[in-house]
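Rule-based calculations on the coordinates, nothing more; no lab input. Computed from a predicted model, the values in this text were never measured in an experiment. Cβ placement follows ideal geometry from the backbone for every residue including glycine, while neighbour counts extend to all protein chains displayed.
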Ligand SMILES: [Zn+2]
């Protein structure tokens, strides 16, 4: 799939206009194919001219310093990916400096609003609705499931498949699926 098939053209335009730079050719090409089944956030960051620096003993999950994103290299891959997307969310907000603190109790009310935004941004970037729908359909077709009568086990299998294809944690998928209202609850 191409970037423009995964994200809305409007979103790509906003990313390019807010974060990219025309002169240095640092932009996302909407016609470029995704090289992986998931959104490779690190390569996306590079396209926008960001540098990702894995660090040891960073003390926080991630940190945004202008066009550099520091990442705690000791954390698991999906966590690092989420942090990169989260910090990109802050950059998208127009921030030049941001931390991803490990303890949520350290946040002020205004910090919390920014955190909610960055987390939503990250979820939408790493689990675009179109990809979530596509992989769900793929799985249903592949396993010959009845889409109108998905039982608990099938739903669990689909969520596992989504986490694997999108390279995110099971917990992230739970939130996103809930948020998209993907599986309508049925009685029993
Ligand atoms: Zn943050």
* Structure fact -> region 147-168 and region 1-53 have their Cα centres apart by a whole-number Å value of 27 Å
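If r is the Cβ-Cβ distance from residue 96 to residue 34 and R0 is 35 Å, what FRET efficiency results, to the nearest 0.05?
0.75
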* Name the residues of region 47-70 whose amide N is less than 18 Å from a point 7 angstrom out from the Cα of residue 106 along the C-beta direction? -> 55-66, 69-70
* Structure fact -> Tilt, helix 109-126 to longest principal axis of the chain (alpha-carbon atoms), in degrees rounded to tens, equals 60 degrees
* Can you list the equivalent-ellipsoid semi-axes of region 129-180, largest first and in whole Å, using the square root of 5 times each Cα gyration tensor eigenvalue? -> 17, 12, 10
* May I ask you to compute the full-extension gain from residue 142 to residue 116, defined as 0.36 nm times their residue separation minus their alpha-carbon distance, rounded to one decimal in nm? => 5.8 nm
* **Spacing of the two label points (7 Å from each Cα toward its C-beta) at residue 164 and residue 46, in nm** => 2.7 nm
* To do: Compute the normalised compactness of region 49-102: alpha-carbon radius of gyration over 2.2 N^0.38 Å, N being the residue count.
  => 0.98
* Asked: Roughly what angle does helix 77-92 make with the longest principal axis of the chain, taking Cα atoms, 0 to 90 degrees, to the nearest 10?
  -> 60 degrees
* Structure fact -> Ranked output for segments 27-33, 60-66 by mean other Cβ atoms within 10 Å, highest leading, reads 60-66, 27-33
* **Estimated distance in nm for a label pair at residue 134 and residue 157, the labels positioned 7 Å out from Cα along Cα-to-Cβ** => 2.3 nm
* Report, in degrees rounded to the nearest 10, the 0 to 90 angle that the Cα long axis of helix 9-19 makes with the longest principal axis of the chain. => 20 degrees
* Mean Cα-pair separation over length for region 29-188, i.e. relative contact order, pairs under 8 Å, 6 or more apart, % -> 20 percent
* **Structure-based [θ]222 nm, the chain - -39500 (n - 2.57) summed over DSSP H runs of at least 4, per residue, nearest 500** => -16000 deg cm²/dmol
* To do: Could you run the Debye sum over the Cα atoms of region 1-121, one equal point scatterer each and no solvent, and tell me log10 of I(q)/I(0) at q = 0.11, 0.13, 0.16, 0.18 Å⁻¹, two decimals?
  => -0.37, -0.51, -0.77, -0.96
